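Peer 1: Below: one structure in structure tokens.
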Amino acid sequence: MKKRWYDYLWIASVLYLLLGFVNILFAWLGLLCFFIPLLISLIGGTKGYCNRYCGRGQLFGLLGGRFGLSRKKDIPGWMKSKAFRYGFLVFFFAMFFLMLWNTYLVFAGARDLREVVTLLWTFRLAWNWAYHGTLFHPGVAQFAFGFYSVMLTSTILGLVTMVLFKPRSWCVYCPMGTMTQLICKMKDPTRP
Amino acid sequence: MNTGTKRRRAVVDQTACVACGCCVKACPLQAIEIVRGVTARVNEEKCVGCGRCARECPASVIGIREVEA
């Protein structure tokens with residue numbers, strides 16, 4: 001099948017991850033991966049983002065498929081259950097709001113900027129080498145560190161399940177995918 | 001029309017489908033689509049049951065069944 005421009009969005013995903021090692025403020029660009037799928041589902045009522053534009057999914061497909069870095073086994077039943085998918089969505093958003101709260105504390109002057117990237121919500125890695133100051137409030141940088149932590153954590157989880165199960169296993173429990181499908185279900189005029 | 005012959009077809013477990021669209025990309029005949037962001041749906045006329053979508057599906061919710069043609 002003929003390749004379209006959006007079939008190369010995996011390059012944008014790789015660039016995004018690399019830029020986070022150069023200057024953490026680039027992490028703000030990741031908001032596109034939140035707002036575009038939401039807008040497509042809210043306005044269009046489709047999962048067009050997952051279906052077409054998700055660079056991260058393409059990256060997993062490429063690494064696990066063409067590069068053969070996947071066992072291509074079935075994902076366990078519990079990981080595709082509604083309980084796990086919705087549970088992970090709730091957990092992910094709870095952690096997201098905790099990150100927003102920490103950003104707020106920096107904005108409010110109640111806490112100093114922490115130049116760390118937190119992996120898997122647990123492991124704090126010094127990331128000061130990717131921070132060269134900001135023209136704005138330190139809170140702007142704090143959000144960047146927090147958001148990059150979210151993106152890197154989900155990439156790692158996605159890579160692990162890519163290796164263990166099928167290349168795009170992340171798509172099964174991706175919180176954005178679960179949320180946009182939920183929005184589509186609610187908007188579906190033929191819903192029972 | 002029932003001719004007594006059997007054909008292979010992809011069948012989607014629509015309650016478990018995550019509507020990611022991996023199957024759409026895998027299908028060489030454009031015989032599967034995502035309907036309103038909720039689930040995948042197989043076009044019975046076009047599908048020949050090759051199984052590419054089933055192999056690709058990250059949730060493994062597509063099966064290949066024999067049906068009456």
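The values are calculated or read from the model by the stated rules, or taken from the named source; none is laboratory data. All values reported here derive from a predicted model rather than from experimental measurement. Every residue, glycine among them, receives a Cβ derived from its backbone with ideal geometry; neighbour counts consider all protein chains shown. Protein only, heavy atoms only, side chains kept; ligands, DNA and RNA dropped before computing areas. Shrake-Rupley method; radii C 1.70, N 1.55, O 1.52, S 1.80 Å.
Peer 1: For residue A:164 and residue A:100 in one chain, what is 0.36 nm times their gap in residues minus the Cα-Cα distance, to one decimal in nm?
Peer 2: Residue separation times 0.36 nm, minus the Cα-Cα distance, leaves 19.9 nm.
Peer 1: Just give the residues from the stretch A:156-192 buried by at least 50 square angstrom of accessible area in the all-chains context relative to the isolated chain, probe 1.4 Å, and say none if nothing qualifies.
Peer 2: Output list: A:166, A:168, A:181.
Peer 1: Suppose all protein chains stay in the model; what accessible area per residue would a 1.4 Å probe give for the stretch A:10-62, in Å²?
Peer 2: That works out to 48 Å² for each residue.
Peer 1: Shielding of A:35-46 by partners, i.e. mean partner chain Cβ atoms within 10 Å per residue?
Peer 2: Whole-number average of other-chain Cβ neighbours for A:35-46 is 1.
Peer 1: Suppose every Lys and Arg Cβ carries +1 and every Asp and Glu Cβ carries -1, with no other charges. What dipole size does the protein assembly as shown come out with about its Cα centre, to the nearest 20 debye?
Peer 2: Using Cβ point charges on Lys, Arg, Asp and Glu, the protein assembly as shown gives about 780 debye.
Peer 1: Which far-off residues, 5 or more places away or on another chain, put their amide H under 5 Å from the one on residue A:118, with H placed in the peptide plane?
Peer 2: A:125, A:149
Peer 1: Chain pair A, B: how much accessible area is buried, both chains summed, with a 1.4 Å probe, in Å² to 100?
Peer 2: 1800
Peer 1: Something else now. Could you go through the stretch A:177-184 in sequence order and give the Karplus-derived ³J(HN,Hα) for each residue, using 6.51 cos²θ - 1.76 cosθ + 1.60 with θ = phi - 60°, rounded to whole Hz, and x for Gly and Pro?
Peer 2: Here the 3J(HN,Hα) series is x, 4, 5, 5, 5, 4, 4, 4 Hz.
Peer 1: Restricting to DSSP H runs of at least four residues, report the calculated mean residue ellipticity at 222 nm for chain A, -39500 (n - 2.57) per run over all residues, nearest 500 deg cm²/dmol.
Peer 2: -16500 deg cm²/dmol
Peer 1: Which of the peptides B:37-45, B:4-12, A:53-61 is most tightly packed, and how do the rest follow, judged by the mean count of other Cβ atoms within 10 Å per residue?
Peer 2: The densest-packed peptide leads the list: A:53-61, B:37-45, B:4-12.
Peer 1: Let me ask you something else. Which ³J(HN,Hα) values in Hz, rounded to whole numbers, follow from the phi angles of the stretch A:15-30 under the Karplus curve 6.51 cos²θ - 1.76 cosθ + 1.60, where θ = phi - 60° and Gly and Pro get x?
Peer 2: The phi angles translate into 4, 4, 5, 5, 4, x, 8, 9, 9, 4, 5, 4, 4, 4, 4, x Hz.
Peer 1: Let me ask something else. HN-Hα J couplings of the stretch A:72-81 from phi, Karplus 6.51/-1.76/1.60, θ = phi - 60°, integer Hz, Gly and Pro as x?
Peer 2: Values per residue, Gly and Pro as x: 6, 9, 5, 6, x, x, 5, 6, 9, 5 Hz.
Peer 1: Could you check which residue among B:54, B:31, B:16 shows the biggest mean-square fluctuation in a GNM of chain B with a 10 Å Cα cutoff?
Peer 2: The residue that fluctuates most here is B:16.
Peer 1: For residue A:69, list long-range residues whose amide hydrogen, built 1.01 Å from N in the peptide plane, is under 5 Å from its own amide hydrogen.
Peer 2: HN-HN under 5 Å from residue A:69: A:64.
Peer 1: Contact order normalised by length for the stretch B:6-68, with contacts defined as Cα pairs under 8 Å and 6 or more residues apart; what percent is it?
Peer 2: In percent, rounded to a whole number, it is 48.
Peer 1: Could you please report the charge total around residue B:46, scoring K, R as +1 and D, E as -1 over all other residues with beta-carbon less than 15 angstrom from its beta-carbon?
Peer 2: +2
Peer 1: Quick check for you: with a 1.4 Å probe and neighbouring chains kept, what is the accessible area per residue of the stretch B:1-57, in Å²?
Peer 2: The answer is 55 Å² per residue.
Peer 1: Still on this model: Which residues of the stretch B:28-69 show a drop of at least 10 Å² in accessible area when all protein chains are present, compared with their chain alone (probe radius 1.4 Å, heavy atoms only, ligands and nucleic acids excluded)?
Peer 2: B:30, B:34, B:36, B:37, B:38, B:55, B:56, B:58, B:59, B:60
Peer 1: What percentage of the solvent-accessible surface of chain B, computed with a 1.4 Å probe over protein heavy atoms, is contributed by carbon and sulfur atoms?
Peer 2: Its accessible area is 48 percent carbon and sulfur atoms.
Peer 1: Expressed as a whole percentage, what fraction of the accessible surface of chain A belongs to carbon and sulfur atoms when a 1.4 Å probe is rolled over the protein heavy atoms?
Peer 2: Here carbon and sulfur together make up 71 percent of the probe-accessible area.
Peer 1: Given H placed 1.01 Å from N in the peptide plane, which residues other than close sequence neighbours of residue B:32 have an amide H under 5 Å from its amide H?
Peer 2: Here the answer is B:43, since their amide H atoms fall under 5 Å of that of residue B:32.
Peer 1: Could you calculate the contour length gain from residue A:111 to residue A:36, that is, 0.36 nm times the residue separation minus the distance between their Cα atoms, to one decimal place in nm?
Peer 2: 23.8 nm
Peer 1: Also, I was wondering about something else. Among the listed pairs A:47/A:80; A:2/A:187; A:2/A:185; A:73/B:25; A:2/A:80; A:80/A:166, which are separated by more than 21 Å between their Cα atoms?
Peer 2: In this structure, A:2/A:187; A:2/A:185; A:2/A:80 exceed 21 Å between Cα atoms.
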